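Input: a single structure, listed below in structure tokens.
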Amino acid sequence: MLSPERLALPDYEYLAQRHVLTYMEDAVCQLLENKEDISQYGIARFFTEYFNSVCQGTHILFREFSFIQATPHNRASFLRAFWRCFRTVGKNGDLLTMREYHCLLQLLCPDFPLELTQKAARIVLMDDAMDCLMSFSDFLFAFQIQFYYSEFLESVAAIYQDLLAGKNPNTVIVPTSSSGQHRQRPTLGEASMLEGVEASLFYQCLENLCDRHKYSCPPPALVKEVLSNVQRLTFYGFLVALSKHHGINQALGALPDKGDLMHDPAMDEELERL
Amino acid sequence: MAAVEKRRPAVAPAASFPDSGRPAVSRAAAATESEEDFLRQVGVTEMLRAALLKVLEARPEEPIAFLAHYFENMGLRSPANGGAGEPPGQLLLQQQRLGRALWHLRLAHHSQRTAFNNNVGVAYECLSASGRKKKPGLDGRTYSELLKRICRDHEAVPLDVFRAGMLTCFVLLEFVARAGALYQLLEDPTLAVADRRVGQAVLDTLEGALQASDGAAVPACFLEAGSRLGPDSLALAMDRALVARRPSSPMTREEFLEKAAALFIAKVKPVG
């Protein structure tokens, strides 16, 4: 929900916050693709239906991947659609492989990249054998984190690697008067005696990341919560914790709590009608 | 705004989300040309420009929903709306009007006082234009429906509003009853209508009496004013009307009562 400050924003920023121009351009593209079917007065109707579908979150169905990931709202809508379409998989207690989940994703988005599904699966399976079976809810929540926060996770991965290698992104390197070489922390061999990275240091770096970058990040307060429970953690340990955190799920707002995953009265009603 | 039709590359850093990957379909220059022509011809360019300006003017909290309503209203106003040739039923019209009024009301945040007041005025007009009845304002049912839609579960009418409303209603009923009695006096028993000149004279006297009681703060004073119309002053007014050589035409009971009620409603003071 935009704050009243939106009234003071310059025009361009206000529009950018809700990606108004993105949707308008897409609406025009869609119109052009369907122009044979539309009459003069049908255009207003067309735009009405388009924007209504954006509001309801059905606009992302069967669209290309570049559109689906274009805005946070699109991503959330896609997650929600995936849940509603395939929750029966979870209901029956079926366990599927990564490839099978990928097929389901491709039903909704024909050019969905395999790489993304693989990354999501890696969160659930903790980098173990990728042919393992996963439950619907495990996959869904891991997929949510991976898909919605893609850019954030990439940066986090880079930070994690840096910390592992002993480089602290936060330190200020002051050139010494002598050779000007940086002094580095102990080499990888020593540091790898302990698994993962130190949680509090990790959090500091992430906090900076969230401040610096404009793209979607999980709420910093909740990230802090995740990191405050442990002393050290691995990258995938962190991702798993993110995916299982109820607060983060709620903040995202796309999926219900894990316990309510099977509960969708609206969908049930629609299915009854068929 | 010509850029709206073309697919644009990734937007400037002000965007809170990188608009990566525009649809990668590349089209020949000629095809783009004809597309632009098509869009201009069917009026899409103008339509979107107007829509965007409206969005920037109103700065709604949910611009996408705003746009959906905007185009919906545009669609409603167009002639080819369903094409059956049959005018939509009263209920549908009322729903449309309500929808439109709601849309106007939501255009500006209430802190933008001038814009908000303006929109309230437009919404009021939109709802008052209810076809056959010429009475000003909207009827109670429409008003309640509107409140329900805005407030949903949180609707609550405060006591003084309720009291004023109830009192006014009952006073109006009594007023109409007395107006009816007045009419009966004017009525020609054989024709069952009254002479227009006489009826109008009565109404004018009534209006005068009401205006005289303008200083009053309580609706009950109107009752007094009504009953103050004794036969003497009325008789004088009626005499005068008959003497003036204007052609006579009938005035029905309904018309008389309607005009009388209108006089009353025009006098009702707003609450608070």
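The values are calculated or read from the model by the stated rules, or taken from the named source; none is laboratory data. Keep in mind it's a predicted model, so treat the numbers as computed, not measured. No Cβ is skipped: glycine too gets one built from the backbone with ideal geometry, and neighbour counts run over all protein chains shown.
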Response to the item:
Of (1) within 30 Å of B:Glu35 (Cα to Cα); (2) within 14 Å of another protein chain (Cβ to nearest Cβ); (3) in contact with a helix residue (DSSP H, G or I) (Cβ under 8 Å, 6 or more places away or on another chain); (4) buried (at least 17 other Cβ atoms within 10 Å of the Cβ), A:Leu116 satisfies every one except (1)
Worksheet, complete the sentence: Of (1) over 17 Å from A:Ser243 (Cβ atoms); (2) modelled with pLDDT of 95 or more, A:Phe147 fails just (1)
Response to the item:
Within region B:53-65, the residues that are more than 7 Å from every other protein chain (Cβ to nearest Cβ), surrounded by 17 or more Cβ atoms within 10 Å (Cβ to Cβ) and without any contact (Cβ under 8 Å) to a residue 40 or more places away in the chain are none
Discussion item. Yes or no: region A:87-104 includes at least one residue that is closer than 30 Å to B:Glu72 by Cβ and either crowded, with 20+ Cβ neighbours inside 10 Å or out of contact with any Gly (no Cβ under 9 Å at 6 or more places or on another chain) (or both).
Written reply: no
Worksheet item: Can you find a residue in region A:48-68 that is closer than 28 Å to A:Gly237 by Cα and surrounded by 22 or more Cβ atoms within 10 Å (Cβ to Cβ)?
Response: yes
Worksheet item: Within region B:66-80, restricting attention to residues that are over 30 Å from A:Tyr12 (Cβ atoms) and at the interface with another protein chain (Cβ under 8 Å from one of its Cβ atoms), which residue is modelled with the lowest pLDDT?
Response: B:Ala80
Practice prompt. Quick one: count up the residues across region A:42-94 that are more than 23 Å from B:Pro63 (Cβ to Cβ), away from chain B (no Cβ under 11 Å) and in a loop (DSSP other than H, G, I, E, B).
Written response: 4
Practice prompt. Would you confirm whether any residue within region A:60-78 is touching a Cys at 6+ places or on another chain (Cβ under 6 Å) and hydrophobic (A, V, I, L, M, F, W, C)?
Written response: yes
Worksheet item: Looking at A:Gln231, is it at pLDDT 80 or above and either surrounded by 13 or more Cβ atoms within 10 Å (Cβ to Cβ) or of a type in the set (Val, Ile, Thr) (or both)?
Response: no
Discussion item. Looking at region A:253-271 only, could you name the residues that are hydrophobic (A, V, I, L, M, F, W, C) and either in contact with a helix residue (DSSP H, G or I) (Cβ under 6 Å, 6 or more places away or on another chain) or part of a loop (DSSP other than H, G, I, E, B) (or both)?
Written reply: A:Ala254, A:Leu255, A:Leu261, A:Met262, A:Met267
Worksheet, complete the sentence: For region B:150-190, the count of residues that are part of a loop (DSSP other than H, G, I, E, B) and either modelled with pLDDT of 80 or more or under 24 Å from the mean Cα position of the chain (by Cα) (or both) equals 4
Worksheet item: Restricting attention to region A:156-174, does a residue exist that is at pLDDT 90 or above, in a loop (DSSP other than H, G, I, E, B) and either within 14 Å of chain B (Cβ to nearest Cβ) or within 14 Å of the chain's Cα centre (by Cα) (or both)?
Response: no
